[in-house]
Amino acid sequence: MAGPRARASRAAALPGTPAPCPADAPREGDGTGASGEAERTADRLHSVAIHLLRRLRREDTKTGLSAPRLSALSVVVFGGPVTLGALAAAEQVRPPTMTRLVTALEAAGLVTREPDPGDGRLTRIRATAKGRTLLLRGRARRVAALTDQLRALGESERAALDRAVTILQGVIDRLR
């Protein structure tokens, strides 16, 4: 049976498969045991997640929106009406940058600004039906592209990925 490095080398040779990440290469002082294994797994997971999202993002060009606008719209659609400050914080940008993004989304008819019912000083950004539809169709295209790839896997591989997703959701919850 081939070890993880042999499998990674074969996988890297396949078109569209990320090259082995630096964690696969021996490192000076690289310890063994749970700590070293956890670090290697974290490094590989980080790399694979980035590569997966980059490939799925190809579907996003069909929305006609830039990545920052699509990301902001996603927060509004899935997070509900949100203040500009909360949206800027969620997207890790400064409020003036978010103002420009929201203005563009508003001009495209994808979001509206509404007064906060509990605090008249605040304005909430809400997705329009058009914005929600655009985002959900984009998500459906991403999921369809990923589904096509998962169908090519064996049943046991898909079951293993399903278990891994459950585990990763727990990791994400603890990172919050």
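Summary table
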read-out	value
Helices (runs of 4 or more DSSP H) contained entirely in region 39-110, each with at least 3 residues that are out of contact with any Ser or Thr (no Cβ under 6 Å at 6 or more places or on another chain), of a type in the set (D, E, K, R) and surrounded by 12 or more Cβ atoms within 10 Å (Cβ to Cβ)	none
Counted residues, region 114-149 - those being closer than 19 Å to Met98 by Cα and either over 22 Å from the mean Cα position of the chain (by Cα) or of a type outside the set (D, E, K, R) (or both)	12
Residue match in region 123-130 (condition: within 29 Å of Leu146 (Cα to Cα), out of contact with any Pro (no Cβ under 8 Å at 6 or more places or on another chain), touching a residue at least 12 places away in the same chain (Cβ under 8 Å) and not in a loop (DSSP other than H, G, I, E, B))	yes
Failed item, numbered, when Arg158 is tested on (1) in contact with a helix residue (DSSP H, G or I) (Cβ under 7 Å, 6 or more places away or on another chain); (2) closer than 18 Å to Leu70 by Cα	(2)
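FYI, it's all coordinate maths here, none of it is from the lab. If you're wondering where the values come from, they're calculated on a predicted model, not measured in any experiment. Counting neighbours? That spans all protein chains shown, and the Cβs are built from the backbone with ideal geometry, glycine included.
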